[in-house]
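Please treat every number below as a calculation from the coordinates, not as lab data. Predicted, not measured: the structure shown is a model, and the values here were computed from it. Cβ atoms come from the backbone with ideal geometry, glycine included; neighbour counts cover every protein chain shown.
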Amino acid sequence: MKVAFISGTSIVNSTLFSSWEVKTVETKYGTVTYKCRGEQALINRHGYAFPLPPHAINYRANIAALTDLGFVDIVSLNSVGSLKKDLPPGTFVSCSDYVCLQQGPMTFFDHELRGGAPGIANNLIPRLVAELTPEFRIQTGKVYVQMRGPRFETKAEIRIVKEWGDVIGMTAAHEADLCTENGLRYNSLALVDNFANGLEGTEIDFSKFKDLVKDNQAKVNLLFTRMLEILG
């Protein structure tokens, strides 16, 4: 199946794609490096040379590249913090809606009087959820709250936004907006790596966060192994 994957730090740390061919594509928004094998492609949203923080990612170039390469179905994996005590670290979710109020949406329509209805297609999610069971339990229909980054949210910010959604991150809303504008079908998967700052008595510490991400790496590797089989 012709499908592209977008991921982040979990891809950098994985050896699953080490044998995939590395290519670059030029877009009007910049050069994008990607990996490919057969009809499948992979983009590390942060880039491969000098990983960019979330607020500096060239989202438009990434999505434009996938569009130019002829991809329509996109599966995204995002690292998120949990806003709910019943979504502990290690939980996989799929988000069907999102909140992005801290910054304006990312758009291709800089010079046109155009807009569009936002959304997450999730056309592949029912199949993935069904075929990944029982190895993985993916909780669907969650709401993603996007903040700007690169720092984590303050405890006061979390007290406000925890009523807005289920998980919090810094990237997915931009990708979903741009995919929708270009007619790409965005599929949301996210792995909870931590409780949001102050929830469940936790304190955010970046070094500890990286350890949590590392602890979840085996799950990410297995998830991608199975998805490649299902969508292969």
Cα-based shape type of the range 1-53, given that a ≥ b ≥ c are square roots of the gyration tensor eigenvalues and the cut on a/c is 1.5:
oblate
Checking the table Lys2/Lys35; Lys85/Lys155; Lys2/Lys84; Lys155/Lys219; Lys35/Lys162; Lys35/Lys219 against a 25 Å threshold on Cα-Cα, which pairs fail?
Lys2/Lys84; Lys155/Lys219; Lys35/Lys162
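First check a/c for the range 111-232, with a ≥ b ≥ c the square roots of the eigenvalues of its C-alpha gyration tensor; if it is under 1.5, answer rounded, and if not, answer prolate when a/b is larger than b/c or oblate otherwise.
Working: a/c = 2.00, a/b = 1.09, b/c = 1.83.
Oblate, since a/c reaches 1.5 and b/c is not below a/b.
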Skipping prolines and chain starts, which residues have an amide H placed within reach, meaning under 5 Å, of the one on Phe5, given they are 5 or more residues away or on another chain?
Ala41, Leu42, Ile43, Val75
Within the range 104-151, list the GluC sites (Glu not before Pro) lying in a DSSP loop whose Cβ has at most 15 other Cβ atoms in a 10 Å radius.
Glu112, Glu135
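Report the local net charge at Lys2: Lys and Arg +1, Asp and Glu -1, summed over other residues whose C-beta lies under 11 Å from its C-beta.
Working: positive: none; negative: Glu39, Asp73.
Residues near Lys2 contribute -2 overall.
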Thr225 paired with Phe109, simple spin-label distance in nm, labels 7 Å along Cα-to-beta-carbon:
4.4
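In debye, nearest 20: dipole of the range 3-231 around its Cα centre with unit charges on the Cβ of K, R (+) and D, E (-)? Mind showing how you got there, number by number?
On the way: 23 positive and 25 negative charges, 48 e Å.
Approximately 220 debye in magnitude.
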Could you give the length gained on full extension between Asp205 and Trp164, defined as 0.36 nm per residue of separation minus the Cα-Cα distance, in nm?
12.4 nm
Cα-based shape type of the range 1-113, given that a ≥ b ≥ c are square roots of the gyration tensor eigenvalues and the cut on a/c is 1.5:
oblate
Karplus 3J(HN,Hα) series, Hz, for the range 104-119 with 6.51 cos²θ - 1.76 cosθ + 1.60 (x for Gly, Pro)
x, x, 6, 8, 8, 9, 6, 10, 10, 7, 9, x, x, 6, x, x
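Taking K and R as +1 and D and E as -1, what net charge do the other residues with C-beta under 14 Å from the C-beta of Phe71 add up to? Walk me through the intermediate numbers first.
Details: positive: Lys2, Lys23, Lys35, Arg37, Arg185; negative: Glu39, Asp68, Asp73, Glu175.
Neighbour charge sum, excluding Phe71 itself: +1.
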Please give the Cα centre distance for the range 64-90 versus the range 151-175, rounded to the nearest Å.
15
Residue by residue, what Karplus-based ³J(HN,Hα) values in Hz, rounded to whole numbers, does the range 83-96 have, using 6.51, -1.76 and 1.60 with θ = phi - 60° and x for Gly and Pro?
9, 10, 5, 8, 10, x, x, x, 7, 9, 9, 10, 9, 10
Estimated distance in nm for a label pair at Thr154 and Arg37, the labels positioned 7 Å out from Cα along Cα-to-Cβ:
4.6
For the range 22-31, take each phi angle, set θ = phi - 60°, evaluate the Karplus expression 6.51 cos²θ - 1.76 cosθ + 1.60, and give the result in whole Hz per residue in order, putting x for glycine and proline.
9, 9, 10, 9, 8, 10, 5, 9, x, 8
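Counting DSSP beta bridges in the chain, what percent are antiparallel, to the nearest 5? Provide the component values of the computation, followed by the final result.
On the way: 14 of 41 bridges.
Of those bridges, close to 35 percent are antiparallel.
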